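Scroll down for the structure; my scribbles are underneath it.
The values are calculated or read from the model by the stated rules, or taken from the named source; none is laboratory data. These numbers were taken from a predicted model, which means no experiment stands behind them. Here Cβ is always computed from backbone atoms with ideal geometry, including for glycine, and neighbour counts include all displayed protein chains. With ligands, DNA and RNA removed, areas are computed over all heavy atoms of the protein, side chains included. Shrake-Rupley method; radii C 1.70, N 1.55, O 1.52, S 1.80 Å.
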Number of protein chains: 2
Amino acid sequence: MTKTASGTPQWKKLFPILTWGAAYNRQDLGGDVTAAVIVTIMLIPQSLAYALLAGLPAEVGLYASILPLVAYAIFGTSRVLAVGPVAVVSLMSASALSSLGLESVSDYVAASAVLALMSGGLLVAMGALKLGVVANLLSHPVIAGFITASGLLIAVSQAKHILGIKASGHNLIEILGSLGQGLGQVNFVTLILGLGVLAFLFWLRLGLSDLLQGKFGLSKLAAGTIVRVGPVFAVFGTIALSWGLDLPALGVSVVGTVPTGLPPLGLPTLDSSVLTALIGPAVLITIIGYVESVSVAQTLAAKRRQKIDPNQELTALGAANIASALSGGYAVTGGFARSVVNFDAGARTPAAGALTAIGLTLAAIYLTPYLYFLPTATLAATIIVAVLSLVDLSILKTAWNYSRADFAAVFVTVVLTLLVGVETGVGAGVATSIALFLWKTSRPHVAEVGQVPGSQHFRNIDRHQVLTDPTLVTLRIDESLYFANARRMEELILDRVHRGAGQLRHVVLMCSAVNEIDLSALESLEAINHQLADLGVQLHLSEVKGPVMDRLKRSHFLDDLSGEVFLSQNCAYEKLTKDQKPDPS
Amino acid sequence: MTKTASGTPQWKKLFPILTWGAAYNRQDLGGDVTAAVIVTIMLIPQSLAYALLAGLPAEVGLYASILPLVAYAIFGTSRVLAVGPVAVVSLMSASALSSLGLESVSDYVAASAVLALMSGGLLVAMGALKLGVVANLLSHPVIAGFITASGLLIAVSQAKHILGIKASGHNLIEILGSLGQGLGQVNFVTLILGLGVLAFLFWLRLGLSDLLQGKFGLSKLAAGTIVRVGPVFAVFGTIALSWGLDLPALGVSVVGTVPTGLPPLGLPTLDSSVLTALIGPAVLITIIGYVESVSVAQTLAAKRRQKIDPNQELTALGAANIASALSGGYAVTGGFARSVVNFDAGARTPAAGALTAIGLTLAAIYLTPYLYFLPTATLAATIIVAVLSLVDLSILKTAWNYSRADFAAVFVTVVLTLLVGVETGVGAGVATSIALFLWKTSRPHVAEVGQVPGSQHFRNIDRHQVLTDPTLVTLRIDESLYFANARRMEELILDRVHRGAGQLRHVVLMCSAVNEIDLSALESLEAINHQLADLGVQLHLSEVKGPVMDRLKRSHFLDDLSGEVFLSQNCAYEKLTKDQKPDPS
């Protein structure tokens, strides 16, 4: 079923469009057009709303949904991924830019584009170097915690638009404090409108689908699609209301004048001082955006037994971001909700994305004059409803039940994202996961084993009835030996030898679960070997894996080893206890 | 043999002096006094020299060799470790303080004391929290590379005293550039004196021992001891020369007025802005100092079949540093050379350290007036000879031969320490080792295995003649499964399944080398399970370890698993291929 070519030349792999394009047929076109129409309708309010969330003029959201989609259609390996502005990346972009203290809107727009350009450059570079693996540093629980916390943060940050007040801040404390100060200035017309839209959108999500399926007998898919494109009705409804009742005169904030026409093309220009400040955020946006996008692409590909190429995805997302930066947009990535809609609506190839781009171009040309009266409260309500679906605190419970280390990483991520900000949150989450992994592997499980009677098996003496010999101690080390646990292993072994001092003559390290021995561990083994030799105890190894043995052979360790290396633990036990018996000492 | 109490109460473990003090006898006293006399003579020039290296007045070196030794005698668990100023920590202290731009000498002295106080506080806190494990992040090769590079840096930094010129800098480029600029002002009297002392000290190290053993028939131990205390002759000789020929009048730089008497007691005071700048360096000094000291203590303890307690060592070194800070000293730790001298000279208990402190107190009271004429070139020569013995570039070769990853970590450490500075060097070394460890474990060795004919063993199909079955693929994963390799494992398995598409019905993951499965990996396994189920392929596990299984039972994974968990790979193979055979599909 998979059409991703594995026998194709390297340059052709860079342009997946050549592969799927060559086989494009009328049936594909049908599916792609349907999907494109539905996704376009869904994207109009979303792209405007996410631009608002990113602190940008509404049209920037539309611009970010045109050329990036075309770029992805050329380079992308997912059949159905829909790229464009997404909530979390918009929040991160806003967080990075608002700290720069830019004064003019045009500088802010340029800085957003530069951020997208940097992120695009990084993605392309990572693609060329096949560094997609860097994204693996983000563990699932950290991502889940981060998305949940970001969703909460975004929802709270949008409350000001519903209340019709001014507020700002990068974390829960700042935003809530700022909202509290503004409570005296609440605009009740805005509030009523905002709550109305919120109620409508929640009903769309929670009630409409059942109604359509139940009363109107629609299929689940059709009902779901109507629900997804529903927000566009809120947009047109509130535009009509705002125009008819002249709500701006009542203090309701509206989108205002939106330039009509195609996005401006060209390189964004910016101060070099601003550039360096953007490098850190660009790295984080790149990694978070990539991970989110690849997860969505992989999940959907698997459903149709298709495959994506994670390294080519770097190139494709990089191209999309560069295209966005050069055409008046800002940072983009593959979005979950829109990709699912695209998938469900029957998109068959990335051409659906290119067709969506045409739809949004038409919107940018013909629809923008009507956006003047669109209340920002409507967009805020769209954002709130969209991001609340991202919030899933159950990850805390799942992680707690499964392991305290995973829980700690999620907890740190959630709490710091909420209380300090997105960059600190995700950075601390990654640092915590790495630190805990090092900590766990630095305290390996070490079992003293003995022979299961009548067998060649050796098991933990604390868990099983096994045979042991007072002249021999066998320790099974359940971890690769490396710098973080080398010293501990030294202590453990010497400790054990001190306890068995009298009769002990052999220590066997059973290495069946030792996947690596690094130079630190090698030096520790050498030290143990010498120290045991001083005590008249021989050191042996058993069940050393091939690659580990190959490496040991490159050192002096095997020459200096006081004992032997045994192929199996059973050989070691047989030989060493037999040696012992005739010896009267 | 070991006297470290394991049945003693917790509070008594905090004061090892109570244990060894209770058994103290006349024989111990004899050994300790001899050792103390020799170490005192050795420490006089060294402590002055290291103070110079740290950019401090000479007497600070003496002060740092009095109370810290007493504190260590009370809290330390090593019988023979000699604490005091050491070369690498002095260099790090100088590097941290010179960047502060302090103008007065008294501020500089106070800042050095504060650095020691912070480091002492950190050590005590780490001891209380049993965080000695943090030191494990410093791999052996990184330490070796760092010590070698620091030794070179120190030697080069002392060249200015031998040349009698002014120079400064924190890395090789800065120091060499600065030396180059000063070459016109070389003081030839200083140069001749400096080279003379250097030649004498090198002869002490390289020629004297053989001479004493050969011509005078001294034992190796006695000859070695004379060699170690030899530098004190250079000190007294050049003082006499400097005074007799009035060398200061010829432009030879001398130590000058040194306050006589006991060190001043009290808390150092400093600006709070300086305090925060010192936190980072304090952390590095703490870890480097601790690792150096514990390694020395452990090596020497093993030689006499004694044991040290790494966590109690944190407390002891912390107490020593706090004592140093409160008595006019600066950062101290256990030194290699002096501890070996102490050991060789027959020190039997930490009382030797306390007796050394008495010796140095006498020196601070009675000897300081004579130090006025001591040329700084003499001290510089002492430092150069001492640190060149630390330089051992062979670690680069050893690491290269053993593994490229270890080599990369050493190389980064050496190059950055030399070219940028000590803090960057050691920081980058640690970061590189961690990054490479994550990278290696993120690309685990995965072998497809088959049955060795007529046995219950399963081996790599690429390396052995084994039996396989087209309906069954068994993958042995030689690594713990965690966030950094979870996604890769997903890709590998799906890749393999896509290749075997037609007949494949079972995938078995053989987990004999999987020591952990974290939440990320669990979620990947769940995803694989679902994706394989969609393809009509069952997922099975075999040889899952006890602790890993315990954890899996806390999740839904085992309920959702399409296949089974087999105790042994053989059971899996027997059952799954037998199931298959009567089935005509």
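Here are the numbers:
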| item | result |
| --- | --- |
| At 7 Å out from Cα toward Cβ: B:Arg404 inter-copy label distances (nm, ascending) | 4.0 |
| Percent RCO, i.e. relative contact order, over chain B, from Cα pairs under 8 Å lying at least 6 residues apart | 23 percent |
| Farthest toward positive dipole pole in the protein assembly as shown [+1 Lys/Arg, -1 Asp/Glu at C-beta], among B:Thr349, A:Leu201, B:Leu115 | B:Thr349 |
| Between helix B:172-182 and chain B: long-axis angle, C-alpha atoms, 0 to 90°, nearest 10 | 30 degrees |
| Inter-label distance, nm, simple model (7 Å from Cα along the C-beta direction), B:Leu558/B:Leu367 | 6.9 nm |
| Residues of the protein assembly as shown: accessible area per residue with a 1.4 Å probe, Å² | 41 Å² |
| Closest Cβ on chain A to the rotation axis that carries it onto B (distance rounded to whole Å) | A:Ala513, 2 |
| Protein accessible area in region A:25-415, 1.4 Å probe - carbon and sulfur % | 68 percent |
| Whichever aspartates and glutamates have a C-alpha closer than 14 Å to that of A:Lys130, once near sequence neighbours (fewer than 8 apart) are set aside | A:Asp309, A:Glu313 |
| Averaged over A:511-518, number of beta-carbon atoms from partner chains that fall within 10 Å | 6 |
| Label distances, nm, B:Ala249 versus same residue in remaining copies, Cβ-directed 7 Å point | 10.3 |
| Interface B:A - total buried accessible surface [probe 1.4 Å, Å², rounded to 100] | 5600 Å² |
| Neighbourhood charge, 13 Å Cβ-Cβ cut-off, centred on A:Leu355 and excluding it, Lys, Arg +1 and Asp, Glu -1 | -1 |
| Gap separating the Cα centres of region A:119-151 and region A:190-265, nearest whole Å | 33 Å |
| Overall form of the protein assembly as shown per C-alpha gyration tensor (a/c, 1.5; a/b vs b/c) | oblate |
| Electrostatic dipole magnitude of the protein assembly as shown [Cβ: Lys, Arg +1; Asp, Glu -1; Cα centre; debye, to 20] | 1380 debye |
| Using alpha-carbon coordinates, inclination of helix A:519-534 to the longest axis of chain A, degrees | 20 degrees |
| Calculated FRET value between A:Ala431 and B:Ala249, using beta carbons and R₀ = 51 Å, to 0.05 | 0.30 |
| Estimated FRET transfer efficiency when R0 is 25 angstrom, pair A:Leu262-A:Ala128 (beta carbons, to 0.05) | 0.20 |
| Ranked by how many other beta carbons lie within 10 Å on average, peptides A:312-321, A:103-112 from highest | A:312-321, A:103-112 |
| Other copies of B:Gly280: label-to-label distances in nm, shortest first, labels 7 Å along the beta-carbon direction | 1.2 |
| Above-threshold pairs, the threshold being 28 Å between Cα atoms, out of B:Lys215/B:Lys303; B:Lys215/B:Lys307; B:Lys13/B:Lys303; A:Lys440/B:Lys545; A:Lys440/B:Lys553; B:Lys545/B:Lys578 | B:Lys215/B:Lys303; B:Lys215/B:Lys307 |
| Fraction of beta bridges assigned by DSSP in chain A that are antiparallel (%, nearest 5) | 50 percent |
| Value at 222 nm in deg cm²/dmol, rounded to 500, when DSSP H runs of n ≥ 4 in chain A each add -39,500 (n - 2.57) | -19500 deg cm²/dmol |
| Number of partner chain Cβ atoms within 10 Å, mean per residue of A:528-538 | 2 |
| Highest to lowest packing among A:46-54, A:274-282, A:336-344, scored as the average C-beta count within 10 Å | A:46-54, A:336-344, A:274-282 |
| Number of partner chain Cβ atoms within 10 Å, mean per residue of A:129-140 | 5 |
| FRET efficiency estimate (nearest 0.05) - Cβ-Cβ, A:Leu419 to A:Leu218, R0 41 angstrom | 0.40 |
| Degrees, to the nearest 10: B:87-98 long Cα axis against longest axis of chain B | 80 degrees |
| Percent accessible area from carbon and sulfur atoms, region B:446-580, protein chains only, probe 1.4 Å | 47 percent |
| Region B:446-580 - share of DSSP beta bridges that are antiparallel (%, nearest 5) | 40 percent |
| Residue-by-residue Karplus 3J(HN,Hα) for region B:449-459, coefficients 6.51, -1.76, 1.60, Hz, glycine and proline x | 10, x, 7, 5, x, x, 10, 9, 8, 10, 10 |
| Cα-Cα P(r), region B:446-580, percent of pairs per 5 Å interval | 2, 10, 22, 26, 21, 13, 5, 1 |
